[in-house]
Amino acid sequence: MRRTGWSVVAAAAMVAAGVATWHAAVHAKAPTAIAAASAEAQAKPAGTVTVYAALTQQNAQALAQAFEAYDPAARVQVVTTGTGALVTRLESEAKAHAIGADVVLLADPTAADALAALGILSPEKPSAASHLPISDQGADWVGAYVFHDVIVYHKGMSLPVPRTWRDLTSAAYKGEVEIGDPSYSGTTMAFVGMMESRYGWKYFETLKQNGAAVQSSVKTVADDVASGKVDVGMTNDSAAFTLVKQGSPIGVVWPQDGAIVVPGPLAFVKGHETPVAKAFANWLLSPSGQKVVASVGLSPVIGASPTVPKGAALMQVPWAKLERNRANILHQFAQIFR
């Protein structure tokens with residue numbers, strides 16, 4: 001460590017259309033959504049809800065504790081790991097007819113759609129879903145918050161600060177880049193899909209040839225950059241926000257070619273649509289729940305984001321197309337970084 005798929009035209013159009021004003025535009029119905037969510041959140045049933053969450057343990061516990069403070073008769077059990085691991089677990093539990101989750105919180109809409117296709121997810125949504133932007137919803141899920149894929153760098157590095165995703169392939173960063181694994185990390189799935197669409201698989205081949213390392217979790221990537229293990233990494237704004245709050249020596253770059261927007265799907269497990277599960281989901285979409293979401297560095301689906309800078313370029317993902325290509329994307333990535 002040193003110190004002192006899709007057409008490029010279409011992808012470029014998605015970036016141009018996704019400037020930071022997107023967040024305000026798609027959430028124009030926020031007052032209506034807030035009113036509906038507030039009314040629904042008045043129900044405070046007793047019981048336990050088990051949540052499988054593609055969040056850090058710290059963030060998942062923050063949500064759980066805040067809901068329990070709101071509804072003292074409820075208890076929240078959380079299981080946290082990456083989206084890929086949660087999907088595998090749910091598939092295995094479904095085969096054994098012993099699914100433990102009531103609510104799932106993922107970081108990859110394509111994974112949610114895959115679980116829905118297997119009949120694991122319920123078509124029922126929280127009541128506030130009808131008031132949320134269509135961009136934050138799927139057939140069987142609704143976005144509870146939004147991640148953004150960004151670049152982080154160690155503030156003590158002697159290298160130039162990267163400004164675009166393509167900069168990471170520069171020889172200047174040889175051996176100094178880490179990225180996530182799309183088979184584990186849901187937000188990395190979006191990153192790989194969008195980089196392949198813009199720059200082709202050559203982008204990842206160059207990263208590999210340049211000594212880029214793959215870590216399963218983008219949190220690990222962010223931690224490695226903060227510790228000085230590597231200079232630069234791809235992570236999401238939530239992981240970066242947490243480290244910045246802790247005073248870690250990292251800087252965050254919102255790439256000029258577009259930070260990648262990834263809704264965090266919330267869904268009920270079929271047959272597990274209990275009163276307390278519904279109460280938790282509707283609380284999460286209420287003003288109080290979204291305030292907690294913002295406090296941990298996630299972008300809320302209702303209200304302003306604490307992390308997205310004004311004027312940032314945002315890249316919107318064509319999720320239906322990404323889902324169709326999901327298996328091939330995972331295969332090609334694994335072949336390059338085997």
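The values are calculated or read from the model by the stated rules, or taken from the named source; none is laboratory data. Just so you know, these numbers come straight off a predicted model, no measurement behind them. Backbone-built Cβ (ideal geometry, glycine too); neighbour counts: all protein chains shown. With ligands, DNA and RNA removed, areas are computed over all heavy atoms of the protein, side chains included. Shrake-Rupley method; radii C 1.70, N 1.55, O 1.52, S 1.80 Å.
Once you treat every alpha carbon in the chain as an equal point and sum by Debye, what is log10 I(q)/I(0) at q = 0.11 Å⁻¹?
Results for the chain at q = 0.11 Å⁻¹ read -0.67.
Where both partners of a DSSP beta bridge lie in the chain, what percent of those bridges are antiparallel, to the nearest 5?
Of the beta bridges lying entirely in the chain, close to 60 percent run antiparallel.
Before rounding to the nearest 500, sum -39500 (n - 2.57) across all DSSP H runs of length at least 4 in the chain and divide by the residue total; then give [θ] at 222 nm in deg cm²/dmol.
Here the helix-only value at 222 nm equals -12500 deg cm²/dmol.
Tally up the carbon and sulfur contribution to the accessible surface of region 53-186 as a whole percent, 1.4 Å probe, everything protein left in place.
Ligands and nucleic acids excluded, carbon and sulfur reach 53 percent.
In Å², what does the accessible area per residue of the chain work out to with a 1.4 Å probe? Write down the numbers at each step before the final one.
On the way: 12860 Å² over 338 residues.
About 38 Å² of surface per residue is accessible.
List the GluC sites (Glu not before Pro) within region 83-151 that DSSP assigns to loop and that have no more than 15 neighbouring Cβ atoms inside 10 Å. Write out the running numbers ahead of the final one.
Working: sites: Glu91, Glu93, Glu124; in loops: Glu124.
Counting only loop positions with at most 15 other Cβ atoms within 10 Å, the GluC sites (Glu not before Pro) in region 83-151 are Glu124.
From the phi of every residue in region 82-88, what ³J(HN,Hα) in whole Hz does the Karplus formula 6.51 cos²θ - 1.76 cosθ + 1.60 yield, where θ is phi - 60° and glycine or proline is x?
Taking θ as phi minus 60°, the curve returns x, 4, x, 5, 5, 4, 4 Hz for region 82-88.
Where the only charges are on Cβ atoms (+1 Lys, Arg; -1 Asp, Glu), what is the dipole of the chain about its Cα centre, to the nearest 20 debye?
Approximately 540 debye in magnitude.
Choose one of Ala60, Asn210, Gly119: the residue whose Cα lies farthest towards the positive end of the charge dipole of the chain (beta-carbon charges +1 Lys, Arg; -1 Asp, Glu; about the Cα centre).
Asn210
Once neighbouring chains are kept in place and the probe is 1.4 Å, which whole percent of the accessible area of region 225-338 is contributed by carbon and sulfur?
Looking at region 225-338 in its full context, I get 54 percent from C and S.
With +1 on each Lys and Arg Cβ and -1 on each Asp and Glu Cβ, and nothing else charged, work out how big the dipole of region 38-174 is about its Cα centre, in Debye to the nearest 20.
Magnitude of the dipole: close to 540 debye.
What do you get for Rg/Rh of region 62-103 when both radii come from the Cα atoms and Rh is the Kirkwood radius? Can you show the working numbers first?
Values: Rg = 12.9 Å, Rh = 11.8 Å.
My calculation puts Rg/Rh at 1.09.
Can you run phi through the Karplus equation (6.51, -1.76, 1.60; θ = phi - 60°) for region 262-269 and list ³J(HN,Hα) in whole Hz, with x for Gly and Pro?
Values per residue, Gly and Pro as x: 10, x, x, x, 10, 8, 8, 7 Hz.
Please name which of Gln77, Met189, Leu243 has its Cα lying farthest along the dipole of the chain towards the positive end, using unit charges on Cβ (Lys, Arg +1; Asp, Glu -1) and the Cα centre as origin.
Checked the options; the winner is Leu243.
Please sort 169-177, 149-157 by packing, taking for each peptide the average over its residues of neighbouring beta carbons within 10 angstrom, highest first.
Output ranking for 169-177, 149-157: 149-157, 169-177.
Hey, can you grab everything whose amide H is under 5 Å from the amide H of Ser170? Only 5+ residues off in sequence or another chain; H modelled, so Pro and N-termini drop out.
none
At a Cα cut-off below 22 Å, give the lysines reachable from Lys208, other chains included and same-chain residues fewer than 8 away excluded.
Within the straight-line cut-off, Lys208 pairs with Lys174, Lys219, Lys229.
Taking 0.36 nm per residue of separation and subtracting the Cα-Cα distance, what length does fully extending Glu205 through Lys155 add?
Stretched out fully, the Glu205 to Lys155 stretch lengthens by 15.3 nm.
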